[in-house]
Amino acid sequence: MTKIFVAGHKGMVGGAIARKLEARKEAGEAIDLITRDRSQVDLTDQSAVKDFLQSERPDTIILAAAKVGGIYANNTYPADFIYENLMMQANIIHQGFEAGVRRLLFLGSSCIYPKAVPQPMSEEALLTDVLERTNEPYAIAKIAGIKLCESYNRQHGTDYRSVMPTNLYGPGDNFHPENSHVLPALIRRFHEAKEQGLGEVVIWGSGKPRREFLHVDDMADASLFVLDLAKQGYEANTEAMLSHINVGCGTDISILELAQIVAGVTGFTGEIKTDPSKPDGTMQKLMDVGRLSAMGWDAKIQLQQGIEETYSWFLANTSAIRR
């Protein structure tokens, strides 16, 4: 029996990973899935995390817990983002080691890469230039998580791995009008515009910036794929101090094209306008997923299909997420 603690199981990514592990259990795998919500264990509390992990003694930890948000949230609450993420990561990684955990998977973010970096962004781009100012605190916390894993591996011989996802979306996403990421924000805006009979929706910027989007179920699948790799196979494709692995679909789309797809899925038939007076941000953010592809994993869920599934989930949960 393998005891696996999924930290952050109520979040979008952690929830998708927990669902896949539950499916494995139902298929006959000997898995004891351990979860705790914030009311049970505050992951920013070192003493609480220590007591919990010493009591449960999991074999494996999947660290999907994080404070996340879009540009507005990152720019408005920078202290919260760096503090909470640093504390959660340090507590879980260190106290996991103290409790005998030899295998751990840390989930980071594509924002670890510099603002001005060649596209697509390869793992080697880490720490080569300055970060995007608006989410620098969050990015620094995630970089620290990578380096914590690598440092424990070097000093203690653990098997702590890191995966860096591109923009994620899917069931369980945050559709808050101010604090959400671009795709769920567009889904909500176009849905509400249709419901209100509006004739147009205005999107920020020129619509030309290009972004990559990965369905959360693909991310969960990739995470378990990396976790399941034999240690020799993982180490053969990484370096001791450059061990993180990009996870994405390898293709991107302009924000205007994305808006057009969302409009079609939600049934909005009005006009889509851009507002060039608003900032575009980085013009392209695309992950180089060659390392993961060479290991044998590629994304499976197409964007159109994924947005349709996400919109269906949104409709089924509209009353719960309106706020």
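Values for this structure:
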{"read-out": "Residue list for the range 237-258, filter: of a type in the set (S, T, N, Q) and buried (at least 18 other Cβ atoms within 10 Å of the Cβ)", "value": "Thr238, Ser243, Asn246"}
{"read-out": "Looking only at the range 158-194, and only at residues there that are of a type in the set (Gly, Ala, Ser) and part of a helix (DSSP H, G or I), the one that is surrounded by the fewest Cβ atoms within 10 Å (Cβ to Cβ)", "value": "Ala193"}
{"read-out": "Qualifying residues in the range 1-18 (those that are more than 16 Å from the chain's Cα centre (by Cα) and at pLDDT 95 or above) - the one nearest to Ala90 (Cα to Cα)", "value": "Phe5"}
{"read-out": "Of residues in the range 27-73 being of a type in the set (D, E, K, R) and within 21 Å of the chain's Cα centre (by Cα), the one nearest to Arg161 (Cα to Cα)", "value": "Lys67"}
{"read-out": "Hits in the range 56-82 (condition: more than 18 Å from Lys115 (Cα to Cα), in contact with a His (Cβ under 9 Å, 6 or more places away or on another chain) and in a helix (DSSP H, G or I))", "value": "Ala73"}
{"read-out": "Criterion: free of Cβ contacts under 8 Å to residues at least 24 places away in the same chain and out of contact with any Leu (no Cβ under 6 Å at 6 or more places or on another chain) - qualifying residue of Asp218, Asp228", "value": "Asp228"}
{"read-out": "Options Gln89, Gln95: the member that is touching a Leu at 6+ places or on another chain (Cβ under 7 Å), assigned to a helix (DSSP H, G or I) and closer than 30 Å to Arg133 by Cα", "value": "Gln89"}
{"read-out": "Which listed residue is surrounded by 15 or more Cβ atoms within 10 Å (Cβ to Cβ), part of a strand (DSSP E or B) and either more than 21 Å from the chain's Cα centre (by Cα) or of a type in the set (Asp, Glu) (or both), from Ile272, Ile261", "value": "Ile272"}
{"read-out": "Selection from the range 17-51 of residues that are of a type in the set (A, V, I, L, M, F, W, C), touching a residue at least 24 places away in the same chain (Cβ under 8 Å) and not in a loop (DSSP other than H, G, I, E, B)", "value": "Ile17, Leu21, Ile31, Leu33, Ile34, Val49"}
{"read-out": "The range 123-157, residues that are among the polar types (S, T, N, Q), surrounded by 18 or more Cβ atoms within 10 Å (Cβ to Cβ) and not in a helix (DSSP H, G or I)", "value": "none"}
{"read-out": "The range 103-122, subset in contact with a Gly (Cβ under 8 Å, 6 or more places away or on another chain) and part of a loop (DSSP other than H, G, I, E, B), residue surrounded by the most Cβ atoms within 10 Å (Cβ to Cβ)", "value": "Gly108"}
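The values are calculated or read from the model by the stated rules, or taken from the named source; none is laboratory data. It should be emphasised that the depicted structure is a prediction, and the values quoted were computed from it without experimental measurement. Ideal geometry is used to build each Cβ from the backbone, glycine not excepted, and the neighbour counts take in all protein chains shown.
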